[in-house]
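The structure appears below as structure tokens.
The values are calculated or read from the model by the stated rules, or taken from the named source; none is laboratory data. As the structure is a computational prediction, the values presented were derived from the model and not from experiment. Please note: Cβ atoms are built from the backbone with ideal geometry, for glycine as well, and neighbour counts cover all protein chains shown. Accessible surface areas use protein heavy atoms only, side chains included; no ligands, DNA or RNA. Shrake-Rupley method; radii C 1.70, N 1.55, O 1.52, S 1.80 Å.
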Amino acid sequence: MIDLRSDTVTRPGDAMRAAAADADVGDDVYGEDPTVNELERRAADVVGAEAALYVPTGTMGNQIAARVHTDRGQEALVERQSHVYKYELGGFAQHSDLQVRTYNGGANGAPTPEHVQSGFVEEDLHRAGTGLLCLENTHNVKGGVPVPADEVAAAAQAAHDLGVPVHVDGARVFNAATALDVDPADLLAPVDSVMFCLSKGLGAPVGSMLAGDAEFVGAARRIRKLLGGGMRQAGIIAAPGLEALENRDRLHVDHENATRLAEGLDALEGLSVAEPETNIVLVDTAASGSTADELLERCEREGVTGSRFGEYTVRFCTHLDVDASDVDDAVAAVERAL
Ligand SMILES: *Cc1c(COP(=O)(O)O)cnc(C)c1O
């Protein structure tokens, strides 16, 4: 089976398994796990932050960020199709007592300064006030679209002018930096915090990082404990995370494979595929007469899996465990399924 449902499906290879087996460990709740400490230092360096925190999942990282940046009852300004809004179980309300207000980002999901200004609510006797702006880079639902540095900076500037901190859901921020050919530290310099996933394109079995200034990360560490995310000899899972950071340099391969996949699928009668910028391929099945569910069911019988992203939209994701020949096999399987 060629599994293109997500870039989370990768299995750790020999180097990651060896790193886990050999990891130096201690109790991380006491701050004594040398492997976790090293991962947090390296992760902070990579994104140009003062500090970073190892968290079990990206969702927990985003939720902690919202909690640390805001006061109870405030508003968070989030994109209408963003992960924090659509796929985190309304966690901003559940964990941080936030009300969300959405903006409708354009093709890449980024807010313009006007979106920020018009979505901003000033605190007064009647209104809660805006406590946070969230960006997503790359934007998953829009098709893994990277948000360029100038747009990140303009949105962050608009928020900061209003006294609002900015968090980036950067689950795939290294895919963005790769596609944009920028240093992730430069891309993220204008914002206050970022979450990125080790467990997606980077290929680690577990874990995400939440980075920001030292004060933010200190507060985040307490909220992580509150949510039950204080882990003990976590070096066992952090060690593959250190290996995963090395996979930043190969993300361009996933992007090339995504382009190859998109071209192959777009040439098939009944499918329409936009050119991907990173590792996510969105396929419009409408002209084939099949819904996403119908096509996916037949694809699975032919040996390839994807995700339903809308009634007539299928998402295929390239990753560490698929190469160009798998992509060619996947195209042939989809053709048979059609
Ligand atoms: C996967 C993902 C997350 C959450 O990561 P988990 O580790 O699955 O909780 C957050 N944001 C985006 C954009 C994602 O794609």
Original post:
DSSP loop trypsin sites (Lys or Arg not before Pro) in segment 165-260 with at most 16 other Cβ atoms within 10 Å of their Cβ, which ones?
Top reply: Arg232
**OP:** Report, to the nearest whole %, how much of the accessible area of the chain belongs to carbon and sulfur atoms, 1.4 Å probe, protein only.
**Re:** 45
Original post:
Just the Cα atoms of segment 14-248: what Rg and Dmax do they give in Å?
Top reply: 17.1, 59
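Per residue of the chain, what 222 nm ellipticity follows from adding -39500 (n - 2.57) for every DSSP H run with n ≥ 4, rounded to the nearest 500?
Numbers: 14 runs with 142 residues, N = 338.
When only DSSP H runs of four or more count, the value is -12500 deg cm²/dmol.
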Original post:
What does the accessible area per residue of segment 14-248 come to in Å², with a 1.4 Å probe and no ligands, DNA or RNA counted?
Top reply: 41
Subject >> Cα-based shape type of segment 198-239, given that a ≥ b ≥ c are square roots of the gyration tensor eigenvalues and the cut on a/c is 1.5 >> reply: oblate
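For a protection proxy built on the mean count of beta-carbon atoms within 10 angstrom, sort 176-182, 12-18 highest first, please.
Values: 176-182: 20.6, 12-18: 14.7.
Descending packing order for the listed peptides: 176-182, 12-18.
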Original post:
Under a 5 Å amide H to amide H cut-off, with H placed in plane at 1.01 Å, what residues pair with Val304 once short-range neighbours are removed?
Top reply: Ile2
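If you put +1 on each Lys and Arg Cβ and -1 on each Asp and Glu Cβ, how big is the dipole of the chain around its Cα centre, in Debye rounded to 20? Walk me through the numbers before you get to the answer.
Values: 27 positive and 56 negative charges, 205 e Å.
Roughly 980 debye, rounded to the nearest 20.
Can you give the Rg/Rh ratio of segment 204-325, where Rg is from the C-alpha atoms and Rh is the Kirkwood radius?
Value, to two decimals: 1.12.
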**OP:** Can you check how the C-alpha radius of gyration of segment 141-182 compares to 2.2 N^0.38 Å, as a plain ratio?
**Re:** 1.25
Subject >> segment 14-248: relative contact order in percent, alpha carbon pairs under 8 Å with at least 6 residues between >> reply: 30
**OP:** Can you give me the three principal axis dimensions of segment 68-158 from its C-alpha atoms, in Å, biggest first?
**Re:** 38, 27, 20
